[in-house]
1. So in region 209-234, with the set limited to residues that are over 19 Å from residue 9 (Cα atoms) and exposed (fewer than 14 other Cβ atoms within 10 Å of the Cβ), which one is modelled with the lowest pLDDT?
2. Need the failing condition index for residue 237 against (1) of a type outside the set (A, V, I, L, M); (2) crowded, with 18+ Cβ neighbours inside 10 Å; (3) under 21 Å from residue 131 (Cβ atoms), just the number.
3. Taking region 52-64 on its own, how many of its residues are in contact (Cβ under 8 Å) with a residue 40 or more places away in the chain and surrounded by 15 or more Cβ atoms within 10 Å (Cβ to Cβ)?
4. With 35, 45, 80 as the choices, which residue is in contact (Cβ under 8 Å) with a residue 24 or more places away in the chain and either of a type in the set (A, V, I, L, M) or more than 26 Å from residue 114 (Cα to Cα) (or both)?
5. Filter region 167-183 down to the residues that are of a type in the set (A, V, I, L, M) and surrounded by 13 or more Cβ atoms within 10 Å (Cβ to Cβ), then identify the one that is nearest to residue 103 (Cα to Cα).
6. Identify the single condition in (1) in a helix (DSSP H, G or I); (2) within 30 Å of residue 181 (Cβ to Cβ) that residue 242 does not satisfy, given that it satisfies every other one.
7. Could you tell me whether region 5-24 includes any residue that is farther than 18 Å from residue 147 by Cβ, in contact (Cβ under 8 Å) with a residue 12 or more places away in the chain and assigned to a loop (DSSP other than H, G, I, E, B)?
Amino acid sequence: MASGTVTSSEYISHHLTNLTFGNHPEHGWGFAHSAAEAAQMGFWAINVDTMFWSVALGVLFVWFFNKVAKKVTSDVPSGAQNFVESIIEFVDDNVKSIFSHKNAVIAPLALTIFVWVFLMNLMDLVPVDWIPFVAGEMGIHFMKVVPTTDVNATGGMAISVLFLIVYYSIKMKGIGGFIGELAFQPLPKIFAPFNLFLELVGLLAKPVSLALRLFGNMYAGEMIFILIALLPFWAQWILSVPWAIFHILVITLQAFIFMVLTIVYLAMAHDHH
């Protein structure tokens, strides 16, 4: 912005555009050079920056927790062990308070969701121009570093949760019990088509709400950081530091909500009543 080479709208558009790879109708396979080109690539296009940062942060999470687990001790624990154990105990307490059934998958799943989503959200605290500037110097036109500001990422996680809901509903109640749960409540059986419509809408609303809640909050937070970056340098420090401090609460709360709702939905899938 200081060079005056781009307008405010171009700056905002640039920072909100993913590095997209796909098949352009005119130019064939390659990276999009604008948001319009990315839209023209259609369904099979992939946001490379979203995939890179989400996978990289997932690998970081697994590597760090595995490293701490290998060095765990019952004597004087290290700071890293205390840190990891506090997160595990926090997640475990929430699982025990919500999920009353026996399933060895739920607690690790909840831990993965909480830490992974938190790390992806945490990237929103990186100054908005740092990584895109480095990427630009390397010839990469676009670079969004917050995967949860991409609805494809939050939607993918939410759809995974939906698959688990359906899987455990059928596993615990049988296919007949699952269909009966959708068709024969809350109204009498003669209203089965209406019940089925209501319950299917409710079932599909779960992943939609999970995806859009996380995406909307993180996208709005990123937008505010971008708008602050358009201000004079002295104003950026006055506004960005308080917003970043407040945003720490937002990114933690959003990871917590995604985890808790996943536990709640899976607990409902296990219930027979």
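1. Kept after step one, since they are over 19 Å from residue 9 (Cα atoms), are these residues of region 209-234: 209-218, 234.
Okay, now just the ones that are also exposed (fewer than 14 other Cβ atoms within 10 Å of the Cβ), so 209, 234.
Working: 209: 95, 234: 86.
The extreme case among them is 234.
2. (2)
3. Pass one, region 52-64, residues in contact (Cβ under 8 Å) with a residue 40 or more places away in the chain: 53-54, 57-58, 60-61.
Subsequent filtering for residues that are surrounded by 15 or more Cβ atoms within 10 Å (Cβ to Cβ) retains 53-54, 57-58, 61.
Qualifying residue count, region 52-64: 5.
4. Numbers: 35 fails: in contact (Cβ under 8 Å) with a residue 24 or more places away in the chain; 80 fails: in contact (Cβ under 8 Å) with a residue 24 or more places away in the chain.
Selected residue: 45, the only one of 35, 45, 80 that is in contact (Cβ under 8 Å) with a residue 24 or more places away in the chain and either of a type in the set (A, V, I, L, M) or more than 26 Å from residue 114 (Cα to Cα) (or both).
5. Going residue by residue through region 167-183, those that are of a type in the set (A, V, I, L, M) are 170, 172, 175, 179, 182-183.
Now narrow it down to the ones that are surrounded by 13 or more Cβ atoms within 10 Å (Cβ to Cβ): 170, 172, 179, 182-183.
On the way: 170: 15, 172: 11, 179: 22, 182: 23, 183: 27 Å.
Once the filter is applied, the top-ranked residue is 172.
6. Residue 242 satisfies all of (1) in a helix (DSSP H, G or I); (2) within 30 Å of residue 181 (Cβ to Cβ) except (2).
7. Taking every residue of region 5-24 in turn, none turns out to be farther than 18 Å from residue 147 by Cβ, in contact (Cβ under 8 Å) with a residue 12 or more places away in the chain and assigned to a loop (DSSP other than H, G, I, E, B).
Conditions (1) surrounded by 15 or more Cβ atoms within 10 Å (Cβ to Cβ); (2) of a type outside the set (Asp, Glu), marked per residue:
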position	(1), (2)
7	no, yes
11	yes, yes
15	yes, yes
20	yes, yes
23	no, yes
26	no, no
30	no, yes
36	no, yes
40	yes, yes
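The values are calculated or read from the model by the stated rules, or taken from the named source; none is laboratory data. The structure presented is a predicted model; accordingly, all values stated were derived computationally and were not measured. As a convention, Cβ positions derive from the backbone with ideal geometry for all residues, glycine included, and neighbour counts pool all protein chains shown.
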